[in-house]
1. Counting helices only, and only those DSSP H runs with n ≥ 4, report the 222 nm mean residue ellipticity of the chain as the sum of -39,500 (n - 2.57) divided by its residues, in deg cm²/dmol to the nearest 500.
2. Probe radius 1.4 Å, ligands and nucleic acids ignored: give me the carbon and sulfur share of the accessible area of the stretch 89-133 as a rounded percent.
3. Could you state the angle between the C-alpha long axis of helix 230-255 and the longest principal axis of the C-alpha atoms of the chain, as a value from 0 to 90 degrees rounded to the nearest 10?
4. Taking the Cα centroid of the stretch 141-206 and of the stretch 216-251, what is the distance between the two, rounded to the nearest whole Å?
5. Select from 246, 224, 256 the residue farthest towards the positive end of the dipole of the stretch 212-256; place +1 on Cβ of Lys and Arg, -1 on Cβ of Asp and Glu, and compute about the Cα centre.
6. What longest range of the chain stays clear of loop-exposed trypsin sites (Lys or Arg not before Pro) (DSSP non-H/G/I/E/B, at most 14 other C-beta within 10 angstrom)?
7. Any aspartates and glutamates with Cα under 18 Å of the residue 180 Cα? List them, leaving off those in the same chain fewer than 8 positions away.
8. Hey, can you find the accessible area per residue of the stretch 204-256 for me, probe 1.4 Å, expressed in square angstrom?
Amino acid sequence: MKNSRTVPFFMLLCFFACGTAVLSRGTARQIAAIKVRSGASERIRLRSTDRLPGAGGEVRIERKGGTTEIEVSLDAMKPASLFGGDYNTYVLWAVPPGGPAENLGELELEGDRSSLHAGTGAQTFALLVTAEPHYLVTTPSAFTVLMNKPEPEAQTIEYQVVEGVYNFERSSLSDVKEAKGKVHTEVRQAFTAVRLAQRAGAARLAPEELGDAQQALDRTLELWRQRGDRLGIVRQARQTVRLALAAQHLAEGRAF
């Protein structure tokens, strides 16, 4: 797969049309927890998995009042879109004991590096980075690329991942090259979000909401074809993701 900052329009159309997997969820995994002391500032390392060998990261964590501030710096990364299929970007997660994983934000790549400043109310939690279809996912995928290193006698946290749902072309990026320059995936994320809503049965169960998402996708594509302002494309693509995710969730709720 070529590593490119832009995708030909006919490839996007093919990307949108492919895939008919039925959405399903639910595999439990375990990870070691981090416990942050009040008023303390700590640094921890993130270790890579077989999905992205050689990647690494450092996290600065500080507890201030009722908030844990988190500064993440990653290196030796490769674009999530190289996994192929539905994967487009990376998301940072905080996983507290007994609770759902919290999406702390998208990790956008500048070459092989990325950074993010985020916060969580949790004082005990685990950190992981996963490849995802888009920036607004609410449950981690099974494609974990980085996680905090386990400390001796650390608490173990169980959490849920989405597995058997997203399409992919390769399960590891060990044999592909790093990117150069800013990696833009906003249009691909918009495509994928609409496609996931379709797979969830939104055409039947949430047709009005899916129609809104498809119209937003059309506007995104028009801006992209016209080589419009980058910020305008990003805003429109992200609006498409929000509308598509709403359609997907509504369809899933009505289905069950």
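1. -9000 deg cm²/dmol
2. So the carbon and sulfur contribution to the accessible surface is 46 percent.
3. With both axes taken from Cα atoms, the answer is about 90 degrees.
4. First find each Cα centre; the distance between them is then 19 Å.
5. Checking the options against the dipole of the stretch 212-256, the answer is 224.
6. The reported range is 38-176.
7. By straight Cα distance, residue 180 reaches 75, 108, 110, 112.
8. 59
The values are calculated or read from the model by the stated rules, or taken from the named source; none is laboratory data. Because the structure is predicted, anything quoted here is derived from the model rather than measured. Positions of Cβ are backbone-derived with ideal geometry, glycine not excepted, and every protein chain shown enters the neighbour counts. Surface accessibility is based on the protein's heavy atoms, side chains included, excluding ligands, DNA and RNA. Shrake-Rupley method; radii C 1.70, N 1.55, O 1.52, S 1.80 Å.
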